[in-house]
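So the structure is just underneath, and the comments pick up after that.
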């Protein structure tokens, strides 16, 4: 079934387009957290399904790279499979599911549990790059607000949350300040992952295809989740160990196991869970590796 | 109980594609649809796909319609994704609709005019009765023919313009913007706005145009002229230095005539909304012209109050490829975020419970 | 009057098309002083206010503001972020229609707290305490703090706008018809509130009003504008009790007649 796609350039995009995207990426790296408009192309995948991430990956990918693609932390979700297959076909690069082996990781909604290194690039798929989009629909207006670092609106939203609910009610796509200057959407990762962005060794690139924006966080940059001194940011995680590997510090998926309300909590990062099990960690619902 | 994570996304995708191909083919005892049948007999669908797909290629559009099982937005998407990979050889010189080989030309603002009213192959005055003769496959009676008019009929806005009643064409030598290469920026010029409308979703344009007629940003429109037919496309190759004809395309053009009260510097005159679309579609061209005129509200000193007048609103939502992608992406897994919401709501409920209990004690 | 001026404008001229909105206008303001700009609608007073506040650029002329560190800033030559910074902390702007300034979908407390947060305040408890204190200052009950402004009366909205503006202790506040459109009894209470707050906090105010009585109550000095020109200026009592210019005489007498 997986026939090669003929007649297309390495990694699908033509070199002119890649150069245009790289110029936008360089600008984005130079101004951490600032959204750089770019001439997003129409990709053979639908908008909202990772066209921005795919274009960024295509622009940074070299023949020697090893690519990992995850969606919801898993390598085997259908959209991750589809995107990995796209690059395997159009670029012929090696792919992997192991975080440690990858040089480029494209992700939707998660940051891998394992700390990333300086020689790795994390590419985020971003549906809505504007962190204030839900508060102010006009992009002309939010652009002005970023220019003037006029972020009162965002802080008011957090204030209102506490006034109404006693706590900040944002649980994913939790806004961050990058390098003390730009308010940024971390993409819809769970707030649990936000602290991993801070001072990360790897380069973080963000691509929003439909909204035609690119932004970046260079390695070792300050990334702070917005909060109040007396209501500090709290990472949210289901209060259980992983049923398969027993991890108590990883982000968990909740799996419904039967019609009687049975629940199983397992690592959302499938590679992390597999690595731990390979090292002999076993959760309450798991089986020891040696037994298989 | 041992739990094994679900695997096999790859195989599921392959199987889904195989099933899709079978469903597309349909009953194998019925003859397979040929692409030239679609190109020849479903011309209006092909026109729409070419317009929203931003690529004038009847055969490719017909193939896309076949591949998409007649889902026209999906077909336009296929064309777009193909188009974006094509190299660019040249930019055409502006087409001249005054030199159109006219198939249809009507004006609602004059009873009669030089060149006459030409209905062309229109559905306008058909009675919408299902034609069971088509089911039987009877050949149509021959259509009467008349010799083509040698002279080009004048455009209605030129007739009004001669009297100074119509805003003048502004000659602009700057290279028009291109949405497919440069991201949309606001404020957006009329060149980019017209491009966005020309490839915009027909349903969206129709609804917005309709809304202006119902009081949401009215512009007192008259259909000045609708003309449809073939125009030649010319390019100027750098090595030649003069224009050469590279072929004909069929288009529909609509010039709306709108009231304008005038300003301090401009006497009262008529203004225009402009629509130009591939192929045959009065609906699409007229809706485009209405929305184009509405988006000129600010430029003409009118209040911007209605959706159709809000340039950012219209341009950000006109593209059905963007819209369908983002609406449908909601079916991708979101369980990581949902899990975070779930834990959040559980935590908030716990804390509220504690508070109520404390208060009760 | 040898004290350094807080705000100074020289030679402001502005045309809207062929219409002169401002013609060679000078203005000065000292710290803690309330200056009223009066005139009929179309006299250019609101335009002048907007030019002084850096919101409309004049065709010619200069507006200078003395920053807290003593430096004279050229308001129309400042980079936009710096001017925005001034508007967020050291300056305030009270609109005739409070809905233009308030966030109608945000609670009263959030509206008052916004400027504190924009200034970098990051302690929720402190912000809330300060919001409560300011609601009390403008006579809004503490239990309304989490209510949305859309359920407030016109007078309450205007008081909320004043709390939102003054919470950062600005040194200069621009007010555009702050009592316009309110009932007379509501107006009186609001004027009283503005007068006592401004006097107690030592805030300088540029006040635009078409109402001579409002000017007399609040302002120490007055500028009378007609067709974009300043026709008379001086101490409020002096100008209103003994108007020299025929237009001022007309304004004063029309108020007396009414």
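Assorted remarks:
- Answer residue from region A:55-88, given it is within 14 Å of another protein chain (Cβ to nearest Cβ) and part of a loop (DSSP other than H, G, I, E, B) and is surrounded by the fewest Cβ atoms within 10 Å (Cβ to Cβ) among those: A:76
- Each residue in region C:107-127 was checked for being in a helix (DSSP H, G or I), touching a residue at least 24 places away in the same chain (Cβ under 8 Å) and either more than 7 Å from chain A (Cβ to nearest Cβ) or within 23 Å of residue C:81 (Cβ to Cβ) (or both), and 8 pass.
- If you go through region C:146-168 and keep only what is assigned to a loop (DSSP other than H, G, I, E, B) and buried (at least 20 other Cβ atoms within 10 Å of the Cβ), you end up with just C:167.
- Checking residue A:168 against (1) surrounded by fewer than 24 Cβ atoms within 10 Å (Cβ to Cβ); (2) over 18 Å from the mean Cα position of the chain (by Cα); (3) in contact (Cβ under 8 Å) with a residue 12 or more places away in the chain; (4) more than 20 Å from residue C:101 (Cα to Cα), the condition it does not meet: (1)
- Any strands (runs of 3 or more DSSP E) falling wholly within region A:185-287 and containing at least 2 residues that are touching a residue at least 40 places away in the same chain (Cβ under 8 Å) and more than 14 Å from chain B (Cβ to nearest Cβ): A:203-208, A:213-217, A:223-225
- Condition broken by residue A:155, with the remaining ones in (1) within 30 Å of residue B:315 (Cα to Cα); (2) within 7 Å of another protein chain (Cβ to nearest Cβ); (3) not in a helix (DSSP H, G or I) satisfied: (3)
- Put simply, of C:217, C:190 the only residue that is crowded, with 20+ Cβ neighbours inside 10 Å, over 11 Å from the mean Cα position of the chain (by Cα) and not in a strand (DSSP E or B) is C:190.
- The one condition in (1) at pLDDT below 95; (2) within 20 Å of residue B:209 (Cα to Cα); (3) in contact with a helix residue (DSSP H, G or I) (Cβ under 7 Å, 6 or more places away or on another chain); (4) within 14 Å of chain A (Cβ to nearest Cβ) that residue B:318 fails to fulfil: (1)
- Hits in region A:89-103 (condition: surrounded by fewer than 24 Cβ atoms within 10 Å (Cβ to Cβ) and away from chain B (no Cβ under 14 Å)): A:91, A:92, A:93, A:94, A:96, A:98, A:99, A:100, A:101, A:103
- Any chance residue A:127 is outside any strand (DSSP E or B), within 12 Å of chain B (Cβ to nearest Cβ), under 30 Å from residue A:146 (Cα atoms) and touching a helix residue (DSSP H, G or I) at 6+ places or on another chain (Cβ under 8 Å): yes
- Qualifying residue in region A:21-39 (condition: crowded, with 21+ Cβ neighbours inside 10 Å, in a loop (DSSP other than H, G, I, E, B) and on the phi > 0 side of the Ramachandran plot): yes
- Selection status of residue A:162, within 14 Å of chain C (Cβ to nearest Cβ), part of a loop (DSSP other than H, G, I, E, B) and either in contact (Cβ under 8 Å) with a residue 40 or more places away in the chain or farther than 28 Å from residue B:187 by Cα (or both): no
- Residue in region B:54-72 that is within 30 Å of residue A:256 (Cα to Cα), without any contact (Cβ under 8 Å) to a residue 12 or more places away in the chain and either exposed (fewer than 12 other Cβ atoms within 10 Å of the Cβ) or within 13 Å of chain A (Cβ to nearest Cβ) (or both) present: no
- For region C:83-104, the set of residues classified as at pLDDT below 90 and either outside any helix (DSSP H, G or I) or surrounded by fewer than 18 Cβ atoms within 10 Å (Cβ to Cβ) (or both) consists of C:89 only.
- Residues that are crowded, with 17+ Cβ neighbours inside 10 Å and more than 15 Å from residue C:176 (Cβ to Cβ) were ranked within region C:33-63; the one that is farthest from the chain's Cα centre (by Cα) is C:61.
- Total residues in region B:277-315, condition within 11 Å of another protein chain (Cβ to nearest Cβ), free of Cβ contacts under 8 Å to residues at least 40 places away in the same chain and touching a helix residue (DSSP H, G or I) at 6+ places or on another chain (Cβ under 8 Å): 1
The values are calculated or read from the model by the stated rules, or taken from the named source; none is laboratory data. Only a predicted model underlies this, so the values are computations on that prediction, with no experimental measurement involved. Counting neighbours? That spans all protein chains shown, and the Cβs are built from the backbone with ideal geometry, glycine included.
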